[in-house]
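Below is one structure; the comments refer to it alone.
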Amino acid sequence: MRLLLCFSVLSVLAAVLPVMALPQAPVRLWPGAAPGALGTADTDIPTLTPYLPDPALATGAALVICPGGGYWDLAMDHEGKAYALWLNQSGVAAFVLKYRLGSHGYRHPVMLEDAARAVRLIRFRAVEWKVDPKRLGIMGSSAGGHLASTLLTHFDSGSPASTDPIERQSSRPDLGVLCYAVISMLPPNVHEGSRQNLLGEHPTPALLNSLSSERQVTPQTPPCFLWATGEDTGVIAENTLDFAAALRRNGVPFDLHVYQHGGHGIGMGDDTPPFRNVLPWTTDLLFWLKAQNYVAASPSP
């Protein structure tokens, strides 16, 4: 009787809870040592962890996810895995990027190279992972948002003459999602820790300008969803506002949200599947992703 009861409960749960994808094994961005690798430790090996949605839900769209951590650490669960599993519920494939960090001796452009390689690799393996190479965006939080914004403004179309077929792919994301992102490397909005970990003690003015994403937007920058909070004192909302203003000046479509409450690094608020108590930005993002044809439209009542 107890066994039948347990089976009944499990059957009900299976019917009401969304299918939660299991991550695949992390994939190295380069088959051998990554360019500029300082060693062979795990921290010297950038990887992507694929989270693929239930095929019955899959829309073909995908996002590379760059967790934050001030270029010193990586919030892989809070701003990586949780986002990926949540996106999977709406049929979006997600790939969590483990990029190299200033805490292990790396400096720009290594992090940008890792992010660009991630986009190229997914496009190269799009058939295998069942994703549309023309619906591949990038998402990042805090310093991960800075990395995402850097690729959104420093992409290239690939190297046709390269002997590596992955390097022939474009690194341009098709859209960006920036969550309380570090944007500027210049006062008064700079996050000092991220700047030092990314650029070292004495970056040149030219480098500071190049890595201040609000100064690098062009009409070719992809459409973006941006959000921040008014209470965030870690990375102030002016980072997001200045990037949005640059997008507007250049005629780039964007969706901007600055919420009244919330400190830095709040993520989704609820990092536990099935994610029923998440912050409002998640609803706003899904609405925007539907407009970009990344998420299927809800059926009419």
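The values are calculated or read from the model by the stated rules, or taken from the named source; none is laboratory data. The structure displayed is predicted, hence computed values, not measured ones. No Cβ is skipped: glycine too gets one built from the backbone with ideal geometry, and neighbour counts run over all protein chains shown.
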Quiz item: If you take the residues of region 279-298 that are modelled with pLDDT of 95 or more and in a loop (DSSP other than H, G, I, E, B), which of them is farthest from P223 (Cα to Cα)?
Solution: L279
Practice problem: Report, ordered by the first and then the second residue, all pairs with beta carbons closer than 8 Å, sequence separation of six or more or different chains, a first member in region 175-204 that is over 17 Å from M111 (Cβ atoms) and surrounded by fewer than 24 Cβ atoms within 10 Å (Cβ to Cβ), and a second member that is among the acidic types (D, E) and at pLDDT 95 or above. | Solution: P188/E238; N189/E238; N189/D242
Practice problem: Output the number of residues of region 126-158 satisfying the condition of being β-branched (V, I, T), closer than 29 Å to D54 by Cα and assigned to a helix (DSSP H, G or I). | Solution: 1
Quiz item: Which condition number does N209 fail, the rest of (1) surrounded by 15 or more Cβ atoms within 10 Å (Cβ to Cβ); (2) touching a helix residue (DSSP H, G or I) at 6+ places or on another chain (Cβ under 7 Å) being met?
Solution: (1)
Quiz prompt | Number of the exception - E238 against (1) surrounded by fewer than 17 Cβ atoms within 10 Å (Cβ to Cβ); (2) out of contact with any helix residue (DSSP H, G or I) (no Cβ under 7 Å at 6 or more places or on another chain); (3) at pLDDT 95 or above; (4) over 24 Å from H108 (Cα atoms) | solution = (4)
Quiz item: How about region 114-160: which of its residues are at positive phi and touching a Ser or Thr at 6+ places or on another chain (Cβ under 9 Å)?
Solution: S142, G158
Quiz prompt | Which numbered condition S149 misses (of (1) surrounded by 24 or more Cβ atoms within 10 Å (Cβ to Cβ); (2) out of contact with any helix residue (DSSP H, G or I) (no Cβ under 6 Å at 6 or more places or on another chain); (3) of a type outside the set (A, V, I, L, M)) | solution = (2)
Quiz item: For region 89-125, what are the residues that are within 15 Å of L52 (Cβ to Cβ) and either at pLDDT below 95 or buried (at least 24 other Cβ atoms within 10 Å of the Cβ) (or both)?
Solution: V92, A93, A94, F95, V96, I122
Quiz item: In region 126-137, how many are among the aliphatic types (A, V, I, L, M) and surrounded by fewer than 23 Cβ atoms within 10 Å (Cβ to Cβ)?
Solution: 2
Self-check item: Those residues of region 268-289 which are charged (D, E, K, R), without any contact (Cβ under 8 Å) to a residue 12 or more places away in the chain and under 19 Å from G140 (Cα atoms), in sequence order
Solution: D270
